[in-house]
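Enquirer: I have a structure here, written as structure tokens, and I will follow up with some questions on it.
The values are calculated or read from the model by the stated rules, or taken from the named source; none is laboratory data. Values in this document were obtained by computation on a predicted structure and should not be read as measured data. Every residue, glycine among them, receives a Cβ derived from its backbone with ideal geometry; neighbour counts consider all protein chains shown. What goes into the accessible areas is simple: the full protein's heavy atoms, side chains included, and nothing from ligands, DNA or RNA. Shrake-Rupley method; radii C 1.70, N 1.55, O 1.52, S 1.80 Å.
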Amino acid sequence: MDGVFLRKKVHIWYFLLAGCGLFLIGMYIFFSIVDPEAGSEVRTFLIMGILILLVVMPSWLFNFRAFLHVDEDAVQGKYHWFGRIDCKLSEITFVAARVNTLIIQLRDGRTHTIMGIANPWPIASFIRRRIPFEGKTRPEVLIEKRNNLKAARKKGLISVCSGVALMFILIFVAVFLTGEREMYEFSQSDWIVFTIIGVMEIATVVAIFYFANQTGHKNIPIEKLQYEIQRGIIETQPLLPGYIVGVYADENYTCRIILFGYPHDNAVYYVVQEFVSDYTLTKTYASETYETRNDLPESFETLVDITSKVLR
């Protein structure tokens, strides 16, 4: 399976903007040669030209010649400006998909976040079905870890919101302490107050970005633990009694489907089990009886067959 990267359809704008940037730089060089003393006066051309190129070129080259190939054994690819991935599926511990983004987490702790990809969900599904799952840690331990991470994420969100609120409070404090005067009317003491408040504002912004970054980094570990908890329970919790001919799960392991049959008969039916709040699998649906397995809904083809893991 290959990744489909989103390509920029309108290249003419990049050419025009890059041309403008080069033109302004050329104007600076031209005027500097014609009138060396005017160098400082036309320096704006140089600065504007460089700024335009600094904006246009990285955007233009983002995912230039990018590719992603996934097979039964490995993942190889080049993405963004300098990103590269070349690993075995056995080295991957978790994979997740977002809108136009694929996230691959490796055993050594590295995480590849590949943006600008049009088919992240099919690739994530392909990889997730093939990566190994040990499931040695008891679900109770994983649940505790997940709860601790969620609590830490909640504290981080509170810190971010508190920081945003503090920014506005500091603005009102600065206005109050300076008597609502315009900056050109500031006295020396007003400038001291303004400087102190400004430093506090900068420190607050830095703290907001820090806590937001730390909070965001907890999302994938929480999602990974959730997946491991659900998969571990689905593959280990006792099955319902009956003549079982197959056991399946959806690729995210949010439910378990048990296929029942009858001795000396081709007829089958299935039962769906879903999680309740305490991570107990509860029967939520029982199907009608089908004459053969070939008559089952087409959705069965998308399920993960875990019969060999459960019926040991």
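Enquirer: Cβ-Cβ below 7 Å, separation at least six or inter-chain, first residue in region 166-186 and over 23 Å from residue 207 (Cα atoms) and open to solvent by less than 100 Å² (accessible area, probe 1.4 Å), second modelled with pLDDT under 85 and among the hydrophobic types (A, V, I, L, M, F, W, C): which pairs?
Expert: Within 7 Å, the pairs are 178/186.
Enquirer: Suppose we keep only residues that are surrounded by 12 or more Cβ atoms within 10 Å (Cβ to Cβ) and farther than 14 Å from residue 257 by Cα within region 276-292. Which one would you say is modelled with the lowest pLDDT?
Expert: For region 276-292, the residue satisfying everything is 279.
Enquirer: Considering region 256-289 alone, what residues qualify as being touching a residue at least 24 places away in the same chain (Cβ under 8 Å) and of a type outside the set (S, T, N, Q)?
Expert: Residues satisfying the conditions are 256, 257, 259, 267, 268, 270, 271, 275, 279, 281, 283.
Enquirer: Do we find a residue being modelled with pLDDT under 90 and either closer than 23 Å to residue 217 by Cα or of a type in the set (D, E, K, R) (or both) anywhere in region 94-104? Spell out the reasoning first.
Expert: Applying the first criterion (modelled with pLDDT under 90) to region 94-104 yields none.
No, region 94-104 contains no residue that is modelled with pLDDT under 90 and either closer than 23 Å to residue 217 by Cα or of a type in the set (D, E, K, R) (or both).
Enquirer: So residue 273 fits all but one of (1) under 30 Å from residue 94 (Cα atoms); (2) assigned to a helix (DSSP H, G or I); what number is the exception?
Expert: Here residue 273 clears every test but (2).
Residue-wise test of (1) in contact with a Phe, Trp or Tyr (Cβ under 8 Å, 6 or more places away or on another chain); (2) part of a strand (DSSP E or B); (3) modelled with pLDDT under 90.
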residue	(1), (2), (3)
44	no, no, yes
51	no, no, yes
57	no, no, yes
63	yes, no, yes
108	no, no, yes
114	yes, yes, no
123	no, no, no
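Enquirer: Then there is this: Cβ-Cβ distance below 8 Å, separation of 6 or more or different chains: which pairs start in region 296-311 with a residue that is at pLDDT below 90 and end on one that is part of a helix (DSSP H, G or I)?
Expert: 309/235; 310/235
Enquirer: Related question: Considering only region 199-227, state which residues are out of contact with any helix residue (DSSP H, G or I) (no Cβ under 8 Å at 6 or more places or on another chain) and part of a helix (DSSP H, G or I).
Expert: 199, 202, 203, 206, 209, 210, 213, 216, 220, 223, 224, 227, listed by residue number.
Enquirer: Something else about it: Quick check, is residue 198 closer than 30 Å to residue 220 by Cα and surrounded by 12 or more Cβ atoms within 10 Å (Cβ to Cβ)?
Expert: Here the answer is no, as residue 198 does not meet what is asked.
Enquirer: Within region 234-268, which residues are assigned to a helix (DSSP H, G or I) and buried (at least 20 other Cβ atoms within 10 Å of the Cβ)?
Expert: Hit for region 234-268 is 234, nothing else.
Enquirer: While we're on this one: Being touching a Ser or Thr at 6+ places or on another chain (Cβ under 9 Å) and not in a helix (DSSP H, G or I) is the filter here, so list the residues in region 134-153 that pass it. It would help to see each step written out before you state the result.
Expert: Here is the first cut: in region 134-153, the ones touching a Ser or Thr at 6+ places or on another chain (Cβ under 9 Å) are 135, 139, 145, 152-153.
Within region 134-153, 135 is the sole residue that qualifies.
Enquirer: Among the residues of region 83-106 satisfying the criterion of being under 23 Å from residue 7 (Cα atoms) and outside any strand (DSSP E or B), which is most open to solvent (accessible area, probe 1.4 Å)?
Expert: First, pick out the residues of region 83-106 that are under 23 Å from residue 7 (Cα atoms): 83-86, 96-104.
After this cut, where a residue has to be outside any strand (DSSP E or B) as well, the list is 99-100.
Values: 99: 110, 100: 59 Å².
The selected residue is 99.
Enquirer: Here is a follow-up. Find the residue count for region 68-82, including only residues that are open to solvent by 40 Å² or more (accessible area, probe 1.4 Å) and either aliphatic (A, V, I, L, M) or in contact (Cβ under 8 Å) with a residue 24 or more places away in the chain (or both).
Expert: Of the residues in region 68-82, 3 are open to solvent by 40 Å² or more (accessible area, probe 1.4 Å) and either aliphatic (A, V, I, L, M) or in contact (Cβ under 8 Å) with a residue 24 or more places away in the chain (or both).
Enquirer: Please determine, by comparing only the residues of region 208-233 that are among the hydrophobic types (A, V, I, L, M, F, W, C) and within 19 Å of residue 279 (Cβ to Cβ), which one is surrounded by the fewest Cβ atoms within 10 Å (Cβ to Cβ).
Expert: Of everything passing the filter in region 208-233, 222 is surrounded by the fewest Cβ atoms within 10 Å (Cβ to Cβ).
Enquirer: Has region 109-132 got at least one residue that is within 13 Å of residue 224 (Cβ to Cβ), of a type outside the set (A, V, I, L, M) and open to solvent by 90 Å² or more (accessible area, probe 1.4 Å)?
Expert: No, region 109-132 has no match at all.
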